[in-house]
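Reading through the structure tokens given below for one structure.
The values are calculated or read from the model by the stated rules, or taken from the named source; none is laboratory data. No experiment lies behind these values; they were computed from the predicted model shown. Ideal geometry is used to build each Cβ from the backbone, glycine not excepted, and the neighbour counts take in all protein chains shown.
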Amino acid sequence: MDVRNDILSYDEIETSALIPKKFDRSKIILKIEGILKRMLDIFGGICGVVMLIPLTIGVWIANKLSKDKGPIFYTQERIGQNGKIFKMYKYRSMVVGADEKLKEYLENNVGAREEYKKFKKLKNDPRVTKIGKFIRKTSLDEFPQFINVLKGEMSLVGPRPYLPREKEEINGFFKYITACKPGITGLWQTRGRSNTTFTDRLTMDMEYYYNHELKMDIKLIYKTVRNVVKKEGAI
């Protein structure tokens, strides 16, 4: 089954009533909002990095107690703004060599292969460690991305950064979605991340592209904090 058959065409998303176009703001307003957004990113990034110190100590102790000798952090190449590749930071929540193990697992499991094609993730991923399950459920694994925010590679809010291997499946949406700086959170994360398909994610990222503004970002940050506290979905 070709996953691309499940992805809407650009024309279908263009005419969708779910994505009204709001590019009617002046360049001055857009410039001011861009500056304010970056200031918000810097402030949030600093707060997040400060929190990383005790969190990293806690994750290190937890890994030691569970006899996990792998590295605490994990870096993965992602597609950034304007298609530039960058290294995204996370706390490692999977076994060492997870990407290779995924390829082998999907080759030997038809059901898992179909699930991954549709959602780009596995509900019961056998690669996730004992500590990894906890930090994923609480979204702690995403905290190192505040480093990416401070570096200017990511924003607090934006489309979730895609993997380089997913570029072909993004299809004609690529230049629109990557026009925005990728974010730690966004529409996808606040609308039931665990239950959305890859096609749903593309649609929401296009919706963000057409409608993003500072007021929207602040609302999404609030919803993300609320969902994390209630443990609904994840960052």
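Looking only at residues that are touching a Ser or Thr at 6+ places or on another chain (Cβ under 7 Å) and aliphatic (A, V, I, L, M) in the stretch 89-123, which one is nearest to Phe198 (Cα to Cα)? Can you show your working first?
Our first condition is that a residue be touching a Ser or Thr at 6+ places or on another chain (Cβ under 7 Å); within the stretch 89-123, this holds for 89, 93-95, 118-119.
Imposing the further condition that a residue be aliphatic (A, V, I, L, M) reduces the set to 94-95.
Values: Met94: 21, Val95: 24 Å.
If we take residues in the stretch 89-123 being touching a Ser or Thr at 6+ places or on another chain (Cβ under 7 Å) and aliphatic (A, V, I, L, M), then Met94 is nearest to Phe198 (Cα to Cα).
Just to be sure before I move on: is Lys27 under 29 Å from Cys180 (Cβ atoms) and within 19 Å of the chain's Cα centre (by Cα) in the structure I sent?
Answer is no for this residue.
Taking Leu163 as the residue in question, decide whether it is buried (at least 24 other Cβ atoms within 10 Å of the Cβ), at pLDDT 90 or above and not aromatic (Phe, Trp, Tyr).
No.
Within the stretch 153-178, how many residues are in a loop (DSSP other than H, G, I, E, B) and either without any contact (Cβ under 8 Å) to a residue 24 or more places away in the chain or among the β-branched types (Val, Ile, Thr) (or both)?
1
Against the conditions (1) free of Cβ contacts under 8 Å to residues at least 40 places away in the same chain; (2) exposed (fewer than 13 other Cβ atoms within 10 Å of the Cβ); (3) closer than 22 Å to Pro71 by Cβ, where does Lys133 fall short? Just the number, please.
Answer for Lys133: the failing condition is (1).
Pull up the stretch 128-142, narrow it to residues that are part of a loop (DSSP other than H, G, I, E, B) and in contact with a Gly (Cβ under 9 Å, 6 or more places away or on another chain), then point me to the one that is nearest to Thr197 (Cα to Cα).
Among residues in the stretch 128-142 that are part of a loop (DSSP other than H, G, I, E, B) and in contact with a Gly (Cβ under 9 Å, 6 or more places away or on another chain), the one nearest to Thr197 (Cα to Cα) is Ser139.
Quick one: how many residues across the stretch 55-74 are in contact with a helix residue (DSSP H, G or I) (Cβ under 6 Å, 6 or more places away or on another chain), part of a loop (DSSP other than H, G, I, E, B) and either among the β-branched types (Val, Ile, Thr) or over 14 Å from Val128 (Cα atoms) (or both)?
1
Of the residues in the stretch 164-182, how many are over 16 Å from the mean Cα position of the chain (by Cα) and within 19 Å of Glu153 (Cα to Cα)? Lay out the reasoning, then the answer.
Residues of the stretch 164-182 over 16 Å from the mean Cα position of the chain (by Cα): 168-169, 171-173, 175-176.
If we keep only those that are within 19 Å of Glu153 (Cα to Cα) as well, we get 175-176.
Counting residues in the stretch 164-182 that are over 16 Å from the mean Cα position of the chain (by Cα) and within 19 Å of Glu153 (Cα to Cα) gives 2.
Which residues, taken from the stretch 201-219, are assigned to a helix (DSSP H, G or I) and over 16 Å from Pro161 (Cβ atoms)? Break it down stepwise before answering.
From the stretch 201-219, those assigned to a helix (DSSP H, G or I) are 201-211, 214-219; that's our starting set.
Residues satisfying the conditions are Thr203, Glu207, Tyr210, Asn211, Leu214, Lys215, Met216, Asp217, Ile218, Lys219.
Applying the selection to the stretch 75-100, what residues are over 21 Å from Val49 (Cβ atoms), assigned to a strand (DSSP E or B) and either under 14 Å from the mean Cα position of the chain (by Cα) or not hydrophobic (A, V, I, L, M, F, W, C) (or both)?
Glu77, Ile79, listed by residue number.
Rundown of residues vs (1) closer than 16 Å to Phe146 by Cβ; (2) surrounded by 11 or more Cβ atoms within 10 Å (Cβ to Cβ); (3) not hydrophobic (A, V, I, L, M, F, W, C), yes/no style:
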| site | (1), (2), (3) |
| --- | --- |
| Asp41 | yes, yes, yes |
| Ile46 | yes, yes, no |
| Val59 | yes, yes, no |
| Pro71 | no, yes, yes |
| Ile79 | no, yes, no |
| Arg92 | no, yes, yes |
| Val96 | no, yes, no |
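Considering each of Asn148, Asn227 in turn, give the residue that is part of a helix (DSSP H, G or I), surrounded by 15 or more Cβ atoms within 10 Å (Cβ to Cβ) and touching a Ser or Thr at 6+ places or on another chain (Cβ under 7 Å).
Numbers: Asn148 fails: touching a Ser or Thr at 6+ places or on another chain (Cβ under 7 Å).
Unique residue meeting the criteria: Asn227.
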